[in-house]
1. Conditions: (1) farther than 19 Å from Ile373 by Cβ; (2) more than 16 Å from the ligand (Cβ to nearest atom). Ala304 meets all but one. Number of the miss?
2. Quick check on the stretch 14-22. Is at least one of its residues touching a Lys or Arg at 6+ places or on another chain (Cβ under 8 Å), surrounded by fewer than 16 Cβ atoms within 10 Å (Cβ to Cβ) and modelled with pLDDT of 50 or more?
3. Please give the number of the condition Ala233 fails out of (1) assigned by TED's automatic domain parsing to the domain that holds Asn377; (2) aliphatic (A, V, I, L, M); (3) within 16 Å of the ligand (Cβ to nearest atom).
4. Across the stretch 307-322, what is the number of residues that are surrounded by 15 or more Cβ atoms within 10 Å (Cβ to Cβ), of a type in the set (A, V, I, L, M, F, W, C) and more than 15 Å from the ligand (Cβ to nearest atom)?
5. Considering each of Ser325, Ser295 in turn, give the residue that is within 13 Å of the ligand (Cβ to nearest atom), surrounded by 18 or more Cβ atoms within 10 Å (Cβ to Cβ) and in the same structural domain as Gln405 (by TED's automatic domain parsing).
6. What strands (runs of 3 or more DSSP E) lie completely within the stretch 148-210 and have 3 or more residues being under 21 Å from the mean Cα position of the chain (by Cα) and at pLDDT 95 or above?
7. Being in contact with a His (Cβ under 7 Å, 6 or more places away or on another chain) and among the aliphatic types (A, V, I, L, M) narrows it down to one residue among Ile137, Ile141; which is it?
8. Please go through the stretch 231-248 and give me each residue that is assigned to a helix (DSSP H, G or I) and either on the phi > 0 side of the Ramachandran plot or surrounded by fewer than 23 Cβ atoms within 10 Å (Cβ to Cβ) (or both), ordered by number.
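The values are calculated or read from the model by the stated rules, or taken from the named source; none is laboratory data. In this text, all values refer to a predicted model and were calculated from it rather than measured experimentally. Don't worry about glycine lacking a Cβ; one is built from the backbone with ideal geometry, like all the others, and counts go over all protein chains shown.
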Amino acid sequence: MRTYHADRGKHSSRDRKTKEPVVRPRETALDSAAQNRQATRPKVWSKSAQRELTLLRLIHSNHNPSRIELAKRTGASAGSVTAIVQRLITRGLVIESGKGATNSGRKPVSLSLRHDLAYVVGVDLGSFFSRVIITDILGNICYRSEAETIMAEGREQVLSRTFRAIHTAIGQSQIPRSAIKGIGMAHSGVVDSQSGVVLCFPRPGQMTQWRNVPLRDMLEKEFGVPSLMDDSARMMAVAEKHFGLGRQVSDFLFIEVGMGMGASIFIDGRLYRGGGGGAGEFGHMTVNENGPLCSCGNNGCLEAIASCAALIQAVRAGIQQGVNSKVNELVDGDLNRISIEIIIRAAKENDTLALRVLDEGVSHIGVALADVINLLNPTIVIFGGPLFREGQELLLDRLRQVIRQRALEKSANEVQLKISDLPSEAAALGAARLMSEEVLEHLYVGTI
Ligand SMILES: [Zn+2]
């Protein structure tokens with residue numbers, strides 16, 4: 001098999017140790033690792049290689065399709081599909097994963113990738129918690145760990161702890177080191193996924209430390225395997241598409257409401273990134289021209305008004321102004337301990353302040369969402385992140401009301417609002433999944 005390991009030698013370790021922000025032009029950031037990745041691909045794919053790779057990807061993304069389904073999807077003849085599948089089976093990439101008889105006759109044999117073809121690491125570097133998982137190529141999780149991120153300790157500490165957690169995961173998983181073929185990382189900041197650079201991390205106290213950090217390169221240098229880095233809301237949406245509520249639909253919107261706010265759009269079964277890769281900044285829609293200053297520099301962005309951080313701040317300000325609230329009791333008077341979980345608990349006990357703040361926040365989200373629903377007419381809107389995970393139907397009912405008032409009737413009636421049922425590792429799972437898609441091509445190249 002040809003090697004596609006990252007070039008470890010090109011950048012000095014100074015990049016990681018410097019206290020100054022690492023500013024690197026885009027062309028340079030698309031560095032040897034990316035070129036190395038390109039170099040493993042044939043310059044021109046033969047027709048038969050194209051067909052084989054297409055089927056391999058379809059088998060990966062469609063969860064146990066039969067030969068007949070593959071023929072329907074590709075428009076190829078049954079005979080041609082059978083011949084290609086046989087070649088993939090002979091090369092050890094594909095297996096027949098199930099067969100049997102139904103009342104209506106013989107059930108077609110379903111196909112799957114061999115689950116142990118490769119393993120990938122998925123990492124979610126979140127504002128509060130960091131998670132590391134290892135999955136096989138099908139996305140089955142074989143190792144998981146979680147630790148507090150402790151952003152306040154600074155970028156150096158956070159990254160060195162995260163890298164240690166990845167080393168530990170690889171060591172403890174008992175998966176041979178050589179079988180780990182890639183690392184996918186989800187990051188909660190603003191990222192350039194193409195160059196693998198964290199552009200900034202708009203959280204109080206973190207603005208300058210995380211400016212232009214070439215995190216993908218750093219992962220590749222540290223671990224010697226291809227890596228990718230992308231936005232955490234996008235990675236959660238990828239997980240929804242393959243393992244969650246987005247599996248059966250091709251057009252859906254995923255919205256994450258946490259300390260920040262992000263969205264991802266799937267159109268025709270594909271993640272829509274936008275021309276420059278910046279699509280989905282739902283949190284930076286202006287909902288009040290004269291509203292509070294947002295971390296992006298604009299006034300009145302949705303994120304500055306309705307993210308968990310904004311709601312926590314609103315409750316804190318209310319209590320400081322003398323409003324009597326159950327929240328104050330629940331945190332024993334320590335207003336720094338207010339969390340979205342506590343606000344929702346107080347709201348469920350009919351606390352007026354908590355109910356009012358949540359109601360206003362959700363109303364703002366609804367107003368912005370109604371515009372997006374009018375624009376995109378999605379089949380489903382899936383909510384992830386702590387606000388809706390904790391608030392569940394209490395918040396969804398209010399949101400449905402606002403959507404019915406604001407969106408055009410047809411789109412409002414058609415759209416389903418749902419809360420993600422994926423585990424808290426969803427972003428890591430999505431990152432691992434995206435990496436496994438990249439790995440698949442390398443595995444295929446290794447067999448031709
Ligand atoms: Zn903004």
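1. If we test Ala304 against (1) farther than 19 Å from Ile373 by Cβ; (2) more than 16 Å from the ligand (Cβ to nearest atom), just (2) comes out false.
2. No, because not a single residue in the stretch 14-22 is touching a Lys or Arg at 6+ places or on another chain (Cβ under 8 Å), surrounded by fewer than 16 Cβ atoms within 10 Å (Cβ to Cβ) and modelled with pLDDT of 50 or more.
3. Every listed condition holds for Ala233 apart from (1).
4. 6
5. Ser295
6. 180-187
7. Ile137
8. His242, Phe243
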